[in-house]
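Working notes for the structure below.
The values are calculated or read from the model by the stated rules, or taken from the named source; none is laboratory data. All figures in this text were calculated on a predicted structure; none of them were measured in a lab. Here the Cβ positions follow ideal geometry from the backbone for every residue, glycine too, while neighbour counts run over all protein chains shown.
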Amino acid sequence: MGESIDAVQDAIRPLRDDIRFLGGLLGETIRDHEGPEVFDLIERVRVEAFRVRREEVGRSAVARMLDGVDIQVALPLIRAFSYFVLLANLAEDIQRDRRRAAHVAAGEPPQDSSLAATYAKLDAARLSGDLVADLLADALVSPVITAHPTETRRRSVFDVQARITELMRQRRRYTEGERADLDRELRRLVLTLWRTALIRLARLRIQDEIAVGLRYYDLSLFEVIPAINAQVRAAVRARWPEVDLPPILRPGSWIGGDRDGNPYVTADIVRHAARSAAAVAFGRYLDELVDLEKSLALSARLVAVSPRVAALAEVGYTDPAAHADEPYRRALHGIRSRLTATAQRALGGVPVQGGEATGAPASHTLPGFVLAPTGADGLPDAPAAQPYSSPQELLEDLDAIDASLRASGDELLAEDGLVALRDAVQTFGFHLQGLDMRQNSEVHEQVVAELLAWAGVHPDYASLPEEVRVELLSAELRTRRPLLGPDARLSELAAKELGIIRAAKEVVDTFGPQAVPNYIISMCTSVSDMLEAALLLKEGGLLDPGDGAPSSPLGIVPLFETIEDLGAGAATLSAALEVPVYRDLVAANGMRQEVMLGYSDSNKDGGYLAANWALYRAELDLVDTARKSGIRLRLFHGRGGTVGRGGGRSYDAILAQPAGAVRGALRLTEQGEVIAAKYAEPGAAHRNLESLIAGALESTLLDVEGLGSDAEPSYELMDELAARARAAYSRLVHETPGFVEYFRQSTPVAEVGDLNIGSRPASRKPTNSVADLRAIPWVMAWSQARVMLPGWYGTGTALEEWVGDDPARLARLSQLYRRWPFFGTVLSNLAQVMAKSDLAIAARYAELVTDVGLRERIFGMIRDEHARTLRMHAAITGNARLLADNASLSESIHNRFPYLEPLNQMQVELLKRLRAGDDSELVKRGILLTMNGLATALRNSG
């Protein structure tokens, strides 16, 4: 039975109290610093927005209040509601932790998506150690941060948020009398927020995006990832002693390596991205070694040390009398000396957090660090110590100290800071994160054609049929002869591409093969697309032809994106594996093959339901190909934050994969404001990373699909539904005359491209085609306008047409909803996105379309499909309310949506002004602020 109404009210009362308290502080700050007139307008708008939610007044009430408002008043109003939402997010996160703690304290069973719940399921399954060892042989869960910044908040804003969160957690534990000083500090922090700009005025550079991505290591990842890895390894070993699990969580990044459609990625940017990540790792290790030196000042008169530690104690000090009685301290100092020398060799200096390092060249400034000259921290010059050749060598020294402490009965000391450092080195190495390279197959073709022509191999490669291309490329991959000599004259494109690959080789040589683990081919449609990438790696020094058996430290990863390419993906991979030279490359990599699946372009191509089913079908086919060809398949899911780009709860999404699709390993992209929601503080990061591993373990080791003999009939049913959904989607998006014009006028998509939300252009090409528009602005624009079209359109028609008047067919879908994780997740995610849609607000955006006939025709189609989808969802699930099975999201929407009303209404007002000719900087800034506020409120808009 569910909770009683009184119990629910008691549970959410602390949340509402927190929101009311923080909102009160913000309101007082606005009144004090913006004046009573601005404060009174904001209050009137807020009250009216709540009346709109309660359906006491219509939407036009708020619109009338904001019509013609002076821009100098509009800006603080927009900022006010953006900060209301931001503070509500903090309160919700705290409430989630509070509820989880209450759940544990009450002794209730662990909740799904927690590792505790997963271990209980695995224990009940009584799995053999041999089976677990086989399935987890390549265990890897890798969240990959990508540079799609619908999240535009600055680091200073994050820092204040983190402090407010910390104090609000403390506040509920204080009595009223104890809260005065704490509340004063909270008031000061809210004032700091109000006086801090939410967004940047200048367009982000890639260097900024690199810094933004790396800040999450300091905020949470450096602390949380190694700890989870250690916990999972211990839990698996306790159940199956023969299974020695490597660090399962290993993060990645695309920022600085993904040049598909981004002309600003250069060889220097690749070097900068890798060095910046390494500086974070080195800086953290050196800081922790300093702390360990201080804490392990154990006396040789009181403890015995191993011969290995005694030898380490002789390294690093030029004065033999210094700390002569403290062998651990001396050993750790010696380790720090060697690590300093390693950083000096790799980075040209020693990472020092904060401040200015005397004598550090300006070119050595890296995100969050200054590279100080060696010796600035009191260590001897780098030449006095031997650099480490690898992270493993550093780990062996740390292991020696650990073993010595344990041998003398000092396990408690070993299990403090030392174990955390050892786990971190094992997880992050010297590279911190794997930097993926990515480029479009069309670019590869152009560059390869130029290289082959210059070398005299073939004058017109682009004219060759596929089978001749494969034969030619295979021959080139078998020979050590380079295509280019030192005097080769290349186009700007070819020179740039080869320069980037050569920079990646420098990174691999400096930081190890894990620093650049993958080369991804966008829009991959053929075997030659894969071999072209291999040839470029060979020319850049990252593929060794060997003696007829080529090898590369990088995995070549085809990315299948459109619905057609997903359908043909398994055939493409199978054909590649039949090419001897490519199969040799895979064999050199332990028969491992990664394939990336594109959620964004497939959705933009065919709509929500068709794309989801195309992805599932592609996985089924790829799993079958892997089984027949003897490779170990790893899938990389190119998911965005919003449902229209593959978003939704990661745990549910992992369980919704077909059998065999995970097999202990998966990678997935993390993008936009979702990154901050998941990883901005340790508690959230731990929950989200834990859920990824829980899903991966269950999907690998248990039968989670649950269809049994009903699988093929269910697949055939989905084939028909997907075809109907795609047809309905295409009728609107691809076949309705004037649709692109409607989209451009009724959403802020043009402004998304003009405003400073990222380094990458909004389109792959200068075009008005939906096909060439990037999925980020496509989804973000529909989200801002509250249509959310990519997350549902076409599904209602498909379901209604298939069911017709047949109650047996409706019952069949209801059964699949309850039984099949894939179908249940599809409908659950659809419900989430539709709950965030608002067609009354969308109608206001539709008024921006100047052609009344076009507006009425297309918005009428959207409105009718929206109603149809709502009806079918209710009929299949039996839930009259969209979020009947998701109380936390329902409460979240209840709390925050009154704050969205003025942000949407203000965005429409400012879009009207901009398009009427008022292109002042303040109007543009106001639009960007509304975008930021709405993205923050929706929490997965891009």
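Structure summary
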| item | result |
| --- | --- |
| Number of the exception - Leu189 against (1) in contact with a Leu (Cβ under 8 Å, 6 or more places away or on another chain); (2) under 26 Å from Leu559 (Cβ atoms) | (2) |
| Options Ala504, Ala449; residue that is within 20 Å of Gly257 (Cβ to Cβ), surrounded by 15 or more Cβ atoms within 10 Å (Cβ to Cβ), under 35 Å from the mean Cα position of the chain (by Cα) and at pLDDT 95 or above | Ala504 |
| Any hit, region 848-871, residues being over 26 Å from Ser82 (Cβ atoms), more than 33 Å from the chain's Cα centre (by Cα) and among the polar types (S, T, N, Q) | yes |
| Test: Asp565 is of a type outside the set (S, T, N, Q), assigned by TED's automatic domain parsing to the domain that holds Arg469, outside any loop (DSSP other than H, G, I, E, B) and surrounded by fewer than 24 Cβ atoms within 10 Å (Cβ to Cβ) | yes |
| Any hit, region 612-628, residues being closer than 18 Å to Val527 by Cα, of a type outside the set (Lys, Arg), in contact (Cβ under 8 Å) with a residue 12 or more places away in the chain and not in a helix (DSSP H, G or I) | no |
| Flag for Ala916 being out of contact with any helix residue (DSSP H, G or I) (no Cβ under 6 Å at 6 or more places or on another chain), in the same structural domain as Ala63 (by TED's automatic domain parsing) and of a type in the set (A, V, I, L, M, F, W, C) | yes |
| Conditions (1) part of a helix (DSSP H, G or I); (2) farther than 16 Å from Asp260 by Cβ; number of the one not met by Ala533 | (2) |
| Hey, Ile335 of a type in the set (A, V, I, L, M, F, W, C), under 30 Å from Asp134 (Cβ atoms) and buried (at least 22 other Cβ atoms within 10 Å of the Cβ) or not | no |
| The listed residue being among the acidic types (Asp, Glu), over 24 Å from Asp719 (Cβ atoms) and either at pLDDT 95 or above or in a helix (DSSP H, G or I) (or both), out of Asp584, Asp547 | Asp584 |
| Residues being part of a loop (DSSP other than H, G, I, E, B) and either at pLDDT 75 or above or surrounded by fewer than 16 Cβ atoms within 10 Å (Cβ to Cβ) (or both) - total across region 721-769 | 13 |
| Candidates Arg79, Arg31, filtered to the one that is assigned to a helix (DSSP H, G or I), surrounded by 21 or more Cβ atoms within 10 Å (Cβ to Cβ) and in contact with a Phe, Trp or Tyr (Cβ under 9 Å, 6 or more places away or on another chain) | Arg79 |
| Looking only at region 253-273, and only at residues there that are in a helix (DSSP H, G or I) and out of contact with any Leu (no Cβ under 6 Å at 6 or more places or on another chain), the one that is surrounded by the most Cβ atoms within 10 Å (Cβ to Cβ) | Val270 |
| Candidate set from region 711-720 (those that are touching a residue at least 40 places away in the same chain (Cβ under 8 Å) and surrounded by 15 or more Cβ atoms within 10 Å (Cβ to Cβ)); member that is farthest from Gly804 (Cα to Cα) | Tyr715 |
| Pairs, first closer than 17 Å to Leu87 by Cα and not assigned by TED's automatic domain parsing to the domain that holds Ile19 in region 168-193, second modelled with pLDDT under 95 and exposed (fewer than 13 other Cβ atoms within 10 Å of the Cβ), C-beta under 9 Å, six or more apart | none |
| Among the candidates Thr358, Thr340, Thr374, residue that is hydroxyl-bearing (Ser, Thr, Tyr), under 40 Å from the mean Cα position of the chain (by Cα), buried (at least 16 other Cβ atoms within 10 Å of the Cβ) and at pLDDT below 90 | Thr374 |
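Results for (1) more than 30 Å from Tyr264 (Cα to Cα); (2) of a type in the set (Val, Ile, Thr); (3) surrounded by 15 or more Cβ atoms within 10 Å (Cβ to Cβ); (4) out of contact with any Ser or Thr (no Cβ under 8 Å at 6 or more places or on another chain), shown as yes or no for each residue.
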residue: Ile94; (1), (2), (3), (4): yes, yes, yes, no
residue: Ala105; (1), (2), (3), (4): yes, no, no, yes
residue: Leu127; (1), (2), (3), (4): yes, no, yes, yes
residue: Val160; (1), (2), (3), (4): yes, yes, yes, no
residue: Glu178; (1), (2), (3), (4): yes, no, no, yes
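This table checks each residue for (1) touching a residue at least 24 places away in the same chain (Cβ under 8 Å); (2) more than 30 Å from Val232 (Cβ to Cβ); (3) of a type outside the set (Phe, Trp, Tyr).
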site: Leu412; (1), (2), (3): no, no, yes
site: Asp423; (1), (2), (3): yes, no, yes
site: Val443; (1), (2), (3): yes, yes, yes
site: Val448; (1), (2), (3): yes, yes, yes
site: Trp454; (1), (2), (3): yes, yes, no
